[in-house]
Amino acid sequence: MRHSGIPTGSALVAGMAQIARWIALALAVAIAAVTLGPISFRPMTTAPADIERAIAFALFGGAIALGHFRNRDLIIGVLLAVVFAALLEAGQNFVPGRHGQMHDFLIKALAIILGAATVWISRRMRDYSRS
């Protein structure tokens, strides 16, 4: 139902979930470009590389969780994201000057899971407090 042109209820939730899925897709594209592009494409901050990659992949996992409400869909999304991280890490072995490492993959996979779990737990706590 709409009131004053603003979606409410399930329409708002569905719209926000769709936006989250688009954000997850945009993050996937950006992460792939940075991971498989020349090292000069990688944004440089003062943080250690492990922290940078953990934040990027935690945001990715969180966006996936925000975009999927059913547990089954969320689990499939997270598993696909972990496979995506593995493929990116393996793909680095074919890029001159880059190299895939198991350590990097583990950071990425754990960050995806942590980001998704944080959203899932927050959603459960919110639902619990409403009842």
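The values are calculated or read from the model by the stated rules, or taken from the named source; none is laboratory data. All of these numbers come straight from a predicted model, not from anything done at the bench. Glycine also receives a Cβ, built like all others from the backbone with ideal geometry; neighbour counts cover every protein chain displayed.
One residue alone among 55, 64 is surrounded by 12 or more Cβ atoms within 10 Å (Cβ to Cβ), at pLDDT 95 or above, among the β-branched types (Val, Ile, Thr) and within 22 Å of residue 99 (Cα to Cα), and that residue is 55. Contact annotation: residue pairs with Cβ atoms under 9 Å, 6 or more positions apart or on different chains, pairing a residue in the range 1-28 that is at pLDDT 90 or above with a partner that is in a loop (DSSP other than H, G, I, E, B), are 17/68; 17/69; 20/68; 21/68. Filter the range 78-110 down to the residues that are buried (at least 20 other Cβ atoms within 10 Å of the Cβ) and either in contact with a Pro (Cβ under 8 Å, 6 or more places away or on another chain) or closer than 16 Å to residue 121 by Cβ (or both) and list them by number. Of everything in the range 78-110, just one residue is buried (at least 20 other Cβ atoms within 10 Å of the Cβ) and either in contact with a Pro (Cβ under 8 Å, 6 or more places away or on another chain) or closer than 16 Å to residue 121 by Cβ (or both), namely 78. Residue 72 passes every criterion in (1) outside any helix (DSSP H, G or I); (2) of a type in the set (Lys, Arg); (3) free of Cβ contacts under 8 Å to residues at least 40 places away in the same chain apart from (1). Filtered by the rule that a residue be part of a helix (DSSP H, G or I) and at pLDDT below 95, the range 93-119 gives 93, 94.
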